[in-house]
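Working notes for the structure below.
Computed from the coordinates by the stated procedures, all read-outs in this text should not be read as laboratory data. None of the values given here were measured: they were computed from a predicted structure. With ideal geometry, Cβ positions are generated from the backbone for all residues, glycine too; neighbour counts draw on all protein chains shown.
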């Protein structure tokens, strides 16, 4: 989804994204999206002939927004790659603290849509890989011995912190994950970076 979206398509995506996140994908019908977005039924069906396609496109739209936000927020913090790695959990802590946080929408979607062949599932997998690539690049710049392995370990931390934030409705998981990340970084620095 590159380029400019039509205003109607954008309105549908934003409305459906918010409704799916607040109420759950399975609890939101097409008619509710139509009513809340203020578009004609024909307009919605022209862009999204099925609810499955709407779900997939909402997930892609939300993933792109989330990734842009995450990269920008992380890049604004810290003067070194190591500081930016650690800052990822400052950024996540702020997200977890926001009043409308209802968990990671991508984890929520995977759990709600049990069918792993649904395209929304692949969007979540792709986003996870994009996050891993960002972390792997920062890890390499920071002088981590094995950025590939490190990035996988990082994903465990972010997943755990996100689940903890969802279950406990508290951002504390980001603080614990950040502490664990600091130990992980120090344990994996190449000799020439010590």
### Task
Within region 159-194, track down each residue that is over 20 Å from residue 148 (Cα atoms), free of Cβ contacts under 8 Å to residues at least 60 places away in the same chain and either buried (at least 18 other Cβ atoms within 10 Å of the Cβ) or in contact with a strand residue (DSSP E or B) (Cβ under 7 Å, 6 or more places away or on another chain) (or both).
164
### Task
Go through region 103-135 residue by residue and tally those that are part of a loop (DSSP other than H, G, I, E, B) and within 22 Å of residue 182 (Cα to Cα).
0
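Could you please give the count of residues in region 72-102 that are surrounded by 15 or more Cβ atoms within 10 Å (Cβ to Cβ) and assigned to a helix (DSSP H, G or I)? So that I can check it myself, show each step before the final result.
Kept after step one, since they are surrounded by 15 or more Cβ atoms within 10 Å (Cβ to Cβ), are these residues of region 72-102: 73-74, 78, 81-82, 84-93, 95-96, 101.
Cutting the leftovers down to assigned to a helix (DSSP H, G or I) gives us 73-74, 81-82, 84-93, 95-96.
Here the count works out to 16.
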### Summary
Of the candidates 114, 139, 161, the one satisfying the condition of being under 20 Å from residue 92 (Cα atoms) and over 17 Å from the mean Cα position of the chain (by Cα) is 139
### Message
For region 116-133, give me each residue that is crowded, with 18+ Cβ neighbours inside 10 Å, touching a residue at least 24 places away in the same chain (Cβ under 8 Å) and closer than 28 Å to residue 147 by Cβ.
### Response
123, 124, 127, 131
### Message
Whether any residue in region 136-144 is in contact (Cβ under 8 Å) with a residue 12 or more places away in the chain, touching a helix residue (DSSP H, G or I) at 6+ places or on another chain (Cβ under 7 Å), buried (at least 19 other Cβ atoms within 10 Å of the Cβ) and outside any helix (DSSP H, G or I) is what I want to check.
### Response
yes
#### Entry: Residue satisfying condition, being under 27 Å from residue 101 (Cα atoms) and part of a helix (DSSP H, G or I), within set 156, 184
156
### Some residue of region 139-153 being within 30 Å of residue 54 (Cβ to Cβ) and out of contact with any strand residue (DSSP E or B) (no Cβ under 8 Å at 6 or more places or on another chain)
no
### Task
For region 47-60, state whether one or more residues are over 15 Å from residue 9 (Cβ atoms), loosely packed, with under 14 Cβ neighbours inside 10 Å and out of contact with any strand residue (DSSP E or B) (no Cβ under 8 Å at 6 or more places or on another chain).
yes
